[in-house]
Amino acid sequence: MSNMLKIRKAKSKDADAMAEILREIGWSEKRNSMPLEHVSKPIKELIDRSISDSDGHTIYVAVDENDNALGFTNVHWVPFVMLGSYEGYVSDVFVSPSASGMGAGTMLIEAVMEEGKQRDVYRLMLTNGKEKPSYKRGFYKKMGWTERPKVANFVYYYKEPWS
């Protein structure tokens, strides 16, 4: 079924659909209780920023034959001094439950992997919750990614997280 899907870079018009995908998967009770435009407005701003700073950020969407967004991923291209190169940090990978099993997630990650290869980055990195279906299915391992056994993931919040 993935032959009906294609991957392209996100456009401002995709913000509402991306916000809807986050609602569909139930990512955040707080986000789901907000008006759609309150959720999609910052997404649109991030898309616009990624378009204007394509050296630093890429947002891809998986779309159907009618150009409706069914999933998205976001990657940041950052200098990593210790490696003497760049690293691609994949911060988001979300697919609408209605598109589950259609290959959208695989196609999104393949697009990021291809861009990383073209950019000649040292590595790609992402964080995946161990309770998430993608982790339980071994999605990233099946795509050739390696789980780092000795690294802890820490965050420092300046604002209350939405999720």
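FYI, it's all coordinate maths here, none of it is from the lab. Small disclaimer: the values here were computed from a predicted structure and weren't measured. With ideal geometry, Cβ positions are generated from the backbone for all residues, glycine too; neighbour counts draw on all protein chains shown.
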Collect the residues in the stretch 113-133 that are of a type in the set (Val, Ile, Thr) and closer than 14 Å to Val78 by Cα, keeping them in residue-number order.
Val121
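Please indicate, with yes or no, whether at least one residue in the stretch 146-153 is outside any loop (DSSP other than H, G, I, E, B) and not hydroxyl-bearing (Ser, Thr, Tyr).
Looking only at the stretch 146-153, we keep the residues that are outside any loop (DSSP other than H, G, I, E, B), and these are none.
No.
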Residue set Val95, Val112; condition in contact (Cβ under 8 Å) with a residue 12 or more places away in the chain and in contact with a helix residue (DSSP H, G or I) (Cβ under 6 Å, 6 or more places away or on another chain); output residue Val95
Could you grab me the full set of residues in the stretch 77-98 that are farther than 24 Å from Ala19 by Cβ and part of a helix (DSSP H, G or I)?
Val81, Met82, Leu83
Would you mind stating whether Ser12 is among the polar types (S, T, N, Q) and out of contact with any helix residue (DSSP H, G or I) (no Cβ under 8 Å at 6 or more places or on another chain)?
no
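Go over the candidates Trp27, Trp77 one by one and state the one that is in contact with a Gly (Cβ under 6 Å, 6 or more places away or on another chain), aromatic (Phe, Trp, Tyr) and surrounded by 14 or more Cβ atoms within 10 Å (Cβ to Cβ). Before you say what the answer is, go through the steps one by one.
Numbers: Trp27 fails: in contact with a Gly (Cβ under 6 Å, 6 or more places away or on another chain).
Within the list Trp27, Trp77, the selection yields Trp77.
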In contact with an Asp or Glu (Cβ under 7 Å, 6 or more places away or on another chain), more than 21 Å from Lys132 (Cβ to Cβ) and free of Cβ contacts under 8 Å to residues at least 24 places away in the same chain: does that describe Leu5?
no
